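Student: Handing you this structure, nothing more for now.
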Amino acid sequence: MTGIAAAQAGGYDPRTWTYDGEQDIVIAPSDNPQGDVVDGPATGPARLPATRRAPPIARQIVAFAEPHPKGSIVVDTRERRLYYVLGEGRALKYVIGVGREGFAWSGRDRILDKKEWPDWRPPAEMREREAAQGHYLPVRLAGGPNNPLGARALYIGNTLYRIHGTNAPWTVGTANSSGCIRMTNEDVIDLYQRASIGAEVVVR
């Protein structure tokens, strides 16, 4: 997995949220609405004012002729879509958020674990870097609606990358993560129920 190894060697950070200890919540950088770029269902990327959020893009069954085994997950980072292979020339297509510039990667691995309402444990190097900027992250944030990993997480191989939900659903459809694949909680719950541990994951 050359792409994954290269990204981790470059100092991969799972994400760059800041922690509000008083409220015990993590705040995504994209909570600043002036920076939101949302992938609209018809017009493509569009910058939206603070008072608007794009509606979620519904998952749909589509034709899919690529020769991947049934149950595989194919992530198209340029298209910002994830395909769950149904077999017989079909796949279920979901909208996703992907790594921002400098955090894109590609490779092939398998789902090694799945968790409901996963805890978040930011790496020590990330906490140190954020602390140097006056942002203090917890060692561990319990799973729940305020957790940046959202409702479900599927763990890709022995990497730090995950396919996970989010407490900032308006970021889905954008390229602003630190390499993880982000889905709405509704979509990641649906994928979680379908995908098996051991399923092949292709990121391109």
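Read the figures in this text as sums done on the coordinates, not as results from a lab. Small disclaimer: the values here were computed from a predicted structure and weren't measured. Heads up, the Cβs are rebuilt from the backbone with ideal geometry, glycines too, and the neighbour counts pull from every protein chain shown.
Student: Near the amide H of Ser106, under 5 Å away, which other amide H atoms are found, from residues 5 or more places off or on another chain, if H is placed in the peptide plane?
Tutor: Gly3, Ile4
Student: Using θ = phi - 60° and the Karplus form 6.51 cos²θ - 1.76 cosθ + 1.60, what ³J(HN,Hα) does each residue of region 194-199 get, whole Hz, x for Gly and Pro?
Tutor: Taking θ as phi minus 60°, the curve returns 8, 7, 9, 4, x, 4 Hz for region 194-199.
Student: How much length is gained on full extension from Asp113 to Glu128, taking 0.36 nm per residue of separation minus their Cα-Cα distance?
Tutor: 2.6 nm
Student: Report relative contact order for region 56-203 in percent, whole number only (criteria: Cα-Cα under 8 Å, sequence separation at least 6).
Tutor: The normalised contact order for region 56-203 reaches 30 percent.
Student: Kindly state, to the nearest 0.05, the FRET efficiency for Ile197 paired with Arg100, given R0 = 25 Å and r defined as their beta-carbon distance.
Tutor: FRET efficiency, Ile197 to Arg100: 0.30.
Student: Which cross-chain or sequence-distant (5 or more) residues have an amide H under 5 Å from the amide H of Gly165, H modelled 1.01 Å from N in plane?
Tutor: Hits under the 5 Å cutoff: Ala151, Arg152, Met183.
Student: Identify the GluC sites (Glu not before Pro) of region 124-163 meeting these criteria: DSSP loop state and at most 11 other C-beta atoms within 10 Å of the C-beta.
Tutor: The qualifying sites: there are none.
Student: Given the Cα-Cα distance of Asn146 and Asp76 and 0.36 nm per residue of separation, how much length would full extension add, in nm?
Tutor: That works out to 22.4 nm of additional length.
Student: Using amide H atoms built 1.01 Å from N in the peptide plane, name the residues 5+ places from Phe64, or on other chains, whose amide H lies under 5 Å from its own.
Tutor: HN-HN under 5 Å from Phe64: Arg90, Ala91.
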